[in-house]
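Enquirer: Got a structure for you, written out below as structure tokens; questions coming shortly.
The values are calculated or read from the model by the stated rules, or taken from the named source; none is laboratory data. From a predicted model like this one, the values you see are computed outputs, not experimental measurements. Glycine gets a Cβ as well: all are built from the backbone with ideal geometry, and neighbour counts include every protein chain shown. Accessible surface areas use protein heavy atoms only, side chains included; no ligands, DNA or RNA. Shrake-Rupley method; radii C 1.70, N 1.55, O 1.52, S 1.80 Å.
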Amino acid sequence: MTAIGLAPANAAARAMTPVPANSGFCANPGDGMCYEWKLEADPSLRVIAYGFEDGIDYSFYRRDRKGGYRRIVDFHPAMQDPTRPGQLFWGYAWDVHDIVLAPDGKSFQATFDHTIVIDGNVDPMPGQRRTPAVLFVGRTTQPDMKVKALRFQANTIDALRIGAGLRSR
């Protein structure tokens, strides 16, 4: 297991790259906020934050060859801010710079052992019984939105689905 002292993702070798605004999943966000990143280790795997002022859903999606998107699993974004060592914050999409990967470069630092409860209007994934917290790195704009210390461990996307009570794909 990895505690929150984990080194942040190296800025020179980013683990995820933003998809340009108004393209991909976020091509037509309507009145909502929409952020999309592709994962460098698997460009078909996407991190998407979509919602409105009163709630944003954070999910992993898989993009198929025809450009379609399939929702894989929802998550809670926990974030390290290098300017505030030893603390975790809620990873608002506009604050997130990168995702923290396990040493294998493919698995996510995540945990199901948390007490995070969401306030707001969110659209939970049907059938998902548990929601993992996934570790990101960035700069908080809301330092009062702290997350209690968590212990993260490497999880593949299939392990996150299974832990969430969904079938592996």
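Enquirer: Taking N as the number of residues in the chain, what is its alpha-carbon radius of gyration divided by 2.2 N^0.38 Å?
Expert: Details: Rg = 14.8 Å, N = 169, 2.2 N^0.38 = 15.5 Å.
After normalising by residue count via 2.2 N^0.38 Å, the value is 0.96.
Enquirer: Given the protein chains as shown and a 1.4 Å probe, how many square angstrom of Arg63 are accessible, to the nearest 10?
Expert: Looks like 80 Å² after rounding.
Enquirer: Once you've got the GNM for the chain with C-alpha springs shorter than 10 Å, pick whichever of Arg139, Arg130, Arg65 has the biggest mean-square fluctuation.
Expert: Sorting by GNM fluctuation, first place goes to Arg65.
Enquirer: From the residues Thr83, Ser44, Thr111, which one has its Cα farthest along the dipole of the chain in the positive direction, the dipole being from +1 and -1 charges on Cβ of Lys/Arg and Asp/Glu about the Cα centre?
Expert: Of the options given, the answer is Ser44.
Enquirer: Shifting gears a bit: Which far-off residues, 5 or more places away or on another chain, put their amide H under 5 Å from the one on Ser107, with H placed in the peptide plane?
Expert: Close amide H contacts, sequence-distant or interchain: Ala102.
Enquirer: Right, here's the next one. How many angstrom lie between the C-alpha centres of the stretch 25-83 and the stretch 144-164?
Expert: 16 Å
Enquirer: Express as a percent, rounded to the nearest 5, the fraction of DSSP beta bridges in the stretch 17-169 (both residues included) that run antiparallel.
Expert: That works out to approximately 90 percent antiparallel.
Enquirer: Can you tell me which of 88-100, 39-51 comes out highest on packing, and rank the rest after it, using the mean Cβ neighbours within 10 Å?
Expert: 88-100, 39-51
Enquirer: Still on this structure, I have one more. What is the percent of Cα-Cα separations in the stretch 86-138 that go past 18 Å?
Expert: Looking at the stretch 86-138, the distances longer than 18 Å represent 44 percent of pairs.
Enquirer: Only Lys, Arg, Asp and Glu count, each charged at its Cβ (+1, +1, -1, -1), so figure out the dipole size of the chain about its Cα centre, rounded to 20 debye.
Expert: Once rounded to the nearest 20, the dipole reads 660 debye.
Enquirer: Spelling out what I want: for every residue of the stretch 122-131, take phi, set θ = phi - 60°, compute 6.51 cos²θ - 1.76 cosθ + 1.60 (Karplus), and round to whole Hz; glycine and proline get x.
Expert: Result, rounded to whole Hz: 10, 10, x, 5, x, x, 7, 9, 9, 10.
Enquirer: I need the phi-derived Karplus couplings for the stretch 36-52: 6.51 cos²θ - 1.76 cosθ + 1.60, θ = phi - 60°, integer Hz, Gly and Pro marked x.
Expert: Couplings: 9, 10, 9, 8, 5, 5, 8, x, 7, 8, 10, 9, 10, 10, 9, x, 10 Hz.
Enquirer: Moving on to the next point. Mind listing the Cα extents of the stretch 41-114 along all three principal axes, in Å, largest one first?
Expert: 42, 36, 24
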